[in-house]
Amino acid sequence: MDQEAILRRIKALLLGVHGDRLQGVVLYGSVARGEESDNSDIDVLVLLTGPVRFGPDLEKNIQALYPLSLELGHPISAKPVDEERYRSFVCPLFESAKREGIRV
């Protein structure tokens, strides 16, 4: 998978549903590390200006990215996260994404 091309497409699709709230997209996990397999999903954090309403924002992500997921043949997991919380909150998921992730 061409990480940069996929990330640009993901960001463009998410920009269409979140507009100015979208602050960035962080690819993390096996694809970011270059360790993906044929069964790997594409894990991204969707950094938004808060407040994040997890259910509705997740639904927007799913609706926007589902066609791309079908095209690529890989599920896309796009978790909505408050950008300020991502920068300031310490948790294993965020720390891993900051360490190994690719942000656009």
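The values are calculated or read from the model by the stated rules, or taken from the named source; none is laboratory data. On a predicted model such as this, the values are computed, not experimentally measured, just so you know. Note: ideal-geometry Cβ built from the backbone for every residue, glycine included; neighbour counts use all protein chains shown.
Taking the stated definitions as given, is SER96 under 13 Å from the mean Cα position of the chain (by Cα) and not aliphatic (A, V, I, L, M)?
When the stated conditions are applied, SER96 does not pass them.
Would you say LYS60 is in a helix (DSSP H, G or I), touching a residue at least 12 places away in the same chain (Cβ under 8 Å) and closer than 14 Å to LYS11 by Cα? Criteria met by LYS60. As a summary of the residue check, VAL90 satisfies the conditions (1) of a type in the set (Val, Ile, Thr); (2) within 20 Å of GLU4 (Cα to Cα); (3) without any contact (Cβ under 8 Å) to a residue 24 or more places away in the chain except for the one numbered (2). Of all the residues in segment 1-29, those that are assigned to a strand (DSSP E or B) and within 17 Å of GLU100 (Cα to Cα) number 5. If you go through segment 31-57 and keep only what is assigned to a helix (DSSP H, G or I) and either closer than 26 Å to ARG99 by Cβ or touching a residue at least 60 places away in the same chain (Cβ under 8 Å) (or both), you end up with VAL31, ALA32, ARG33, PHE54, ASP57.
Checking segment 4-27 against the condition returns no match, with no residue being out of contact with any helix residue (DSSP H, G or I) (no Cβ under 6 Å at 6 or more places or on another chain), modelled with pLDDT of 90 or more and polar (S, T, N, Q). On the stretch given as segment 75-102, residues that are buried (at least 18 other Cβ atoms within 10 Å of the Cβ) and either modelled with pLDDT under 95 or not in a strand (DSSP E or B) (or both) total 5. Considering only residues in segment 15-63 that are under 12 Å from the mean Cα position of the chain (by Cα) and of a type in the set (Gly, Ala, Ser), the one that is surrounded by the most Cβ atoms within 10 Å (Cβ to Cβ) turns out to be ALA32.
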